[in-house]
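Just so you know, all these numbers are worked out from the coordinates, no wet-lab data involved. No experiment lies behind these values; they were computed from the predicted model shown. Here Cβ is always computed from backbone atoms with ideal geometry, including for glycine, and neighbour counts include all displayed protein chains.
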Amino acid sequence: PTCHYVMGGIEVDPDTGAAATLGLFAAGECSGGMHGSNRLGGNSLSDLLVFGRRAGLGAADYVRALSHRPSVSSEALENATAMALAPFTGPQGQAKPENPYTLHAELQQTMNDLVGIIRTGTEIEEALSKIEEYKRRFRNIESEGGRAFNPGWHLALDMRNMLLVSECVAKASLARTESRGGHTRDDHPKMDSQWRRTLLVCQAANNDPVVPDISVTKEPQPPMREDLLAQFDIEELGKYYTDEELAAHPGRMEERR
């Protein structure tokens with residue numbers, strides 16, 4: 001087994017694919033919520049077909065409803081351009097230039113070894129320490145060559161998101177002191193009912209334009225609609241759900257009669 005799917009992502013409206021950021025729509029692996037703590041093989045394709053269509057229609061409806069064309073300031077465009085082109089200028093002063101391929105390989109190895117399939121709190125803390133180091137080194141990343149067909153530059157641009165996602169995964173894994181689905185803590189090997197209805201939400205903790213720090217907060221998980229809950233076998237749900245959550249299930253109501 002290996003890590004090949006992110007079970008989490010941007011929080012979106014299930015009917016339209018709209019995120020909290022106006023004009024942003026997401027579907028598929030980058031959006032979170034559908035697969036719970038573990039994705040079943042083959043479900044991704046159904047996810048893409050259903051929610052990809054909803055997100056496309058939602059985006060089209062959003063644009064049609066606009067009273068005027070959205071605009072962006074020249075300053076914002078200039079800042080985004082400067083950030084994208086920064087790898088070509090390299091570090092300032094006497095700082096050592098960082099190779100994007102080297103930094104990428106080190107981040108991969110760290111996440112595989114310390115935040116992999118089976119992890120512990122001690123390992124995750126070590127990984128977070130390394131991620132902080134990578135974030136500092138990322139400020140000195142440098143790409144050679146020009147803009148056309150330059151995979152090194154593309155990787156340098158992608159590294160920002162990789163660092164953000166890695167920090168989010170590591171901090172959420174450290175906070176969730178249980179094992180559930182694809183999340184296995186060797187130091188907390190059992191499921192804990194106290195975590196059952198808790199979601200961990202990652203947000204930028206500051207306004208650092210290069211790579212912001214990540215904060216993780218707990219949010220209650222909305223309960224499943226009773227009509228949907230009734231579609232599942234109560235014995236299967238009993239492996240994961242609390243007795244309180246199952247009280248409205250037809251099978252449990254039948255047992256009480």
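Subtracting the Cα-Cα distance of residue 60 and residue 11 from 0.36 nm times their residue separation leaves 15.7 nm of extension gain. Taking amide H as placed 1.01 Å from N in the peptide plane, residue 180 has its amide H under 5 Å from the amide H of 185, each at least 5 places away in sequence or on another chain. Taking the chain as a Gaussian network of alpha-carbon nodes connected by springs under 10 Å, the highest mean-square fluctuation of the residues 182, 152, 238 belongs to 238. Highest mean packing first, where packing is the average number of other Cβ atoms within 10 Å per residue, the peptides 185-192, 155-162 line up as 155-162, 185-192.
Counting 0.36 nm for each residue step from residue 82 to residue 199 and taking away their Cα separation leaves a gain of 38.5 nm.
Using the Cα gyration tensor of the chain, with a ≥ b ≥ c the square roots of its eigenvalues, what is the shape: rounded (a/c below 1.5), prolate (a/b larger than b/c) or oblate (neither)? It comes out oblate by the Cα gyration axes. When the chymotrypsin sites (Phe, Trp or Tyr not before Pro) in the stretch 140-230 are filtered for DSSP coil states and for at most 15 other beta-carbon atoms within 10 Å of their beta-carbon, the remaining sites are 149. Taking amide H as placed 1.01 Å from N in the peptide plane, residue 143 has its amide H under 5 Å from the amide H of 88, 90, each at least 5 places away in sequence or on another chain. Site pair residue 236 and residue 184 shows an inter-label distance of 2.2 nm when each label is modelled 7 Å from Cα along Cα→Cβ. Taking amide H as placed 1.01 Å from N in the peptide plane, residue 214 has its amide H under 5 Å from the amide H of 205, each at least 5 places away in sequence or on another chain.
Identify unpaired cysteines across the chain, taking unpaired to mean no other cysteine Cβ lies under 4.7 Å from the residue's Cβ. Lacking a cysteine Cβ partner under 4.7 Å: 3, 30. Checking every one of the trypsin sites (Lys or Arg not before Pro) in the stretch 41-147 against DSSP loop status and a limit of 14 other Cβ atoms within 10 Å picks out 139, 147. Our note on the geometry: Cα centres of the stretch 179-257 and the stretch 69-121, 32 Å apart.
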